[in-house]
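Report on one structure; see the data block that follows.
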Amino acid sequence: MNPILRALWRYGGMLVQPRATAHALQAEEGRHDGLILGTLYLLCVGTLDVIRGVAMARVTADLGGLLMLVSAVGRVLVAPIVVLVACETVLGRERSHGRGLMLVPLLVVAAVAHEATAHGLLVPAFVPEIVGGLLGVALAWWVRPAIATEEAAG
Amino acid sequence: MNGRSGAATLVGMLIVALALLGGGRELRQGIVQWDRLGPLPPGNATPAFEVLTLDGGRFANEDLLGKVSVVTFWATWCPACRSELGDLEELQHEYARGEVQFLAINNEGGGLSPRQVVARVQGFVDASEMTLRTGLDDGRVAHSFRVGPIPHTLVVGPDGVVRHVHQGRVLSATLRGEIEALLPER
């Protein structure tokens with residue numbers, strides 16, 4: 001299967017048939033899923049914050065402005081980083097190569113909440129991040145037995 | 001590709017499309033609002049404003065004319081602001097002949113009543129023996145200056161035009177250099 005279609009299959013599979021998808025993962029497959037899903041999350045919910053940070057840095061043109069830009073990116077990335085660490089803890093070191101996929105629920109919940117907000121629905125602050133993060137950790141716990149250990153996969 | 005696998009791929013496509021849709025919307029919003037996203041940039045006249053000062057007076061944008069002015073937005077709960085206020089206090093002593101004026105506009109936020117804000121700011125001023133002229137803002141002045149994170153400090157020329165903008169803690173050496181460049185040769 002084409003690598004892009006295979007990646008889309010992994011992301012969708014985490015929602016459609018999580019254990020079967022995790023079980024079917026090949027060795028080394030999806031090593032960069034955390035990076036890809038984290039970047040999609042940043043694009044989805046943090047683009048405006050990053051643009052705002054760039055606008056600030058452009059006006060101040062100093063180290064303070066640059067720090068504000070870094071801080072804007074950092075604030076957005078806190079949620080996926082915390083979820084990744086929590087999922088790695090749940091999966092354990094030997095299965096940690098599958099942690100990136102556990103960002104799928106966070107991305108979906110955040111993206112849906114973002115769309116809802118854009119259409120005028122009031123979504124309380126941090127609720128999408130909390131719900132998405134908890135779902136990600138629950139998913140990690142659920143698929144853990146189906147993920148091959150690094151030793152077995154390698 | 002069996003049926004379930006196809007469904008998973010389709011759901012994966014929807015997830016990525018949803019994320020890109022959100023990103024695209026934010027990008028469009030950012031491009032449309034680009035000029036208003038950052039703080040008031042140098043080269044612009046200060047917006048019309050008026051604040052009540054802690055000593056019972058008023059300070060308006062007309063009061064900025066004729067002198068080099070350093071205006072900072074701060075709050076008592078902001079450690080970087082408190083640190084910067086100490087530097088501004090020292091600079092005020094350096095320029096004691098009145099060629100430079102300093103205004104510290106407090107924007108306490110937090111849903112406090114005006115009376116609570118005055119009490120809190122007065123308590124801070126007394127405890128820190130601050131002599132900087134202190135304005136009290138309910139958020140409207142900060143909004144007109146498009147203040148984001150604080151401390152937010154502006155150096156304004158004698159013509160009322162913003163010359164320098166700093167977000168976050170600024171070093172007194174930087175401010176001194178900017179003030180000196182605006183003062184007539186001594």
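Miscellaneous remarks
- Working note: Cα gyration tensor of the range B:56-185, eigenvalues times five, square-rooted, sorted largest first, giving semi-axes of 23, 15, 14 Å.
- Per-residue HN-Hα couplings for the range B:36-41 [Karplus 6.51, -1.76, 1.60; θ = phi - 60°; Hz; x = Gly/Pro]: 10, 6, x, x, 4, x
- Cα-projected label distance for A:Ala24 with B:Arg58, points at 7 Å along beta-carbon direction, nm: 7.3
- Cα-based shape type of the range A:46-154, given that a ≥ b ≥ c are square roots of the gyration tensor eigenvalues and the cut on a/c is 1.5: oblate
- Taking every DSSP bridge with both residues inside the range B:12-146, close to 30 percent are antiparallel.
- Dipole magnitude of chain A about its Cα centre (Cβ charges: Lys, Arg +1; Asp, Glu -1), debye to nearest 20: 100
- Computed from the Cα positions only, the extents of the range B:123-176 along the three principal axes stand at 32, 30, 23 Å, in decreasing order.
- Qualifying GluC sites (Glu not before Pro) in the range B:72-170, where qualification requires a DSSP coil assignment and no more than 11 other C-beta atoms within 10 Å, comprise B:Glu129.
- Applying a 4.7 Å Cβ-Cβ cutoff to the protein assembly as shown, the cysteines left without a disulfide-compatible partner are A:Cys44, A:Cys87.
- Theoretical gain in end-to-end length, A:Arg93 to A:Ile81 [0.36 nm per residue, Cα-Cα removed]: 2.7 nm
- Tensor-based shape of the protein assembly as shown (alpha-carbon gyration tensor, a/c under 1.5 rounded, otherwise prolate or oblate): prolate
- The range B:61-125: C-alpha pair distances exceeding 13 Å, %: 67
- For the range B:54-105 versus the range A:50-116, the inter-centroid distance based on Cα atoms is 37 Å.
- Using alpha-carbon coordinates, inclination of helix A:63-91 to the longest axis of chain A, degrees: 20
- Charged-residue dipole, Cβ positions (Lys, Arg, Asp, Glu), the range A:54-104 about Cα centre, Debye nearest 20: 80
- Degrees, to the nearest 10: B:114-128 long Cα axis against longest axis of chain B: 60
- Charge tally around B:Gly38: other residues with Cβ under 9 Å, Lys/Arg +1 each, Asp/Glu -1 each, net +3.
- When the charge dipole of the protein assembly as shown is built from unit charges on Cβ atoms (+1 for Lys and Arg, -1 for Asp and Glu) and taken about the Cα centre, the candidate among B:Val32, A:Met1, B:Leu85 whose Cα reaches farthest toward its positive end is A:Met1.
- Residues whose placed amide H lies under 5 Å from that of B:Gln101, excluding near-sequence neighbours: B:Val68, B:Ser69, B:Val70
- Check: the protein assembly as shown dipole with +1 on Lys, Arg Cβ and -1 on Asp, Glu Cβ, in debye: 1240
Laboratory data are not the source of any read-out in this text; all were calculated from the coordinates shown. Since the structure is predicted, the reported quantities are computational estimates derived from the model, not experimental observations. No Cβ is skipped: glycine too gets one built from the backbone with ideal geometry, and neighbour counts run over all protein chains shown.
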